[in-house]
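Data block below; observations after.
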Amino acid sequence: MTVARSIALFVVAALFEIGGAWLVWQGVREHKGWVWIGAGVIALGLYGFAATLQSDGNFGRILAAYGGIFVAGSIAWGMVADGYRPDRYDITGAAICLIGMAVLMYAPRSH
């Protein structure tokens, strides 16, 4: 699997998980109702499926690496969907997480 395809799968997974969690949040916290909650639950299930499409067979590595994508993606989602403005510590923390993700997934290993 190419690095580009792997990154694309992480982005798709992030859209499902972050989007799903946001939909549940909207349904519960913003009182938008069960349709929003249900859509969120479906999206969260699709996230779980998308994560399985990575070529690496190590669940722990995939989920740990996805954590870096989740951190950065959540900040980006908040900016777009809710008008959140990250400070320099948010941005620095997200960058560190993305570096960690890249090390976990793409460091050369002997198999």
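Only the coordinates and a few stated rules stand behind these numbers; no lab work does. What you see is a predicted model; the values in this text were computed from it and never measured. In this analysis, Cβ positions are derived from the backbone assuming ideal geometry, glycine residues included, and neighbour counts consider all displayed protein chains.
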Can you pull out the trypsin sites (Lys or Arg not before Pro) in region 19-111 that DSSP calls coil and that have at most 16 other Cβ atoms within 10 Å? Lys32, Arg109
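Looking at the calculated P(r) for the chain, what percent of the C-alpha pair distances fall above 25 Å?
On the way: 1653 of 6105 pairs.
Across the chain, Cα pairs with separations above 25 Å total 27 percent.
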Just to be sure I understand the model, the point goes 7 Å from the Cα along the line to the Cβ. What's the resulting Ala102 to Val3 distance in nm? 0.7 nm
Neighbourhood charge, 13 Å Cβ-Cβ cut-off, centred on Val103 and excluding it, Lys, Arg +1 and Asp, Glu -1: +2
Show me, bin by bin at 5 Å from 0, the whole-percent P(r) of region 1-42 based on Cα pairs. 6, 27, 21, 14, 10, 10, 7, 4, 1
Derived scalar couplings ³J(HN,Hα) [region 92-101; Karplus, 6.51 cos²θ - 1.76 cosθ + 1.60; whole Hz; x for Gly, Pro]: 4, x, 5, 5, 4, 4, 5, 5, x, 4
Please find, in a Gaussian network model of the chain (springs between Cα atoms separated by less than 10 Å), the residue of Val12, Val80, Val71 whose mean-square fluctuation is greatest. Val80
Space enclosed by the convex hull of the alpha-carbon atoms of region 46-111, per residue, Å³: 82 Å³
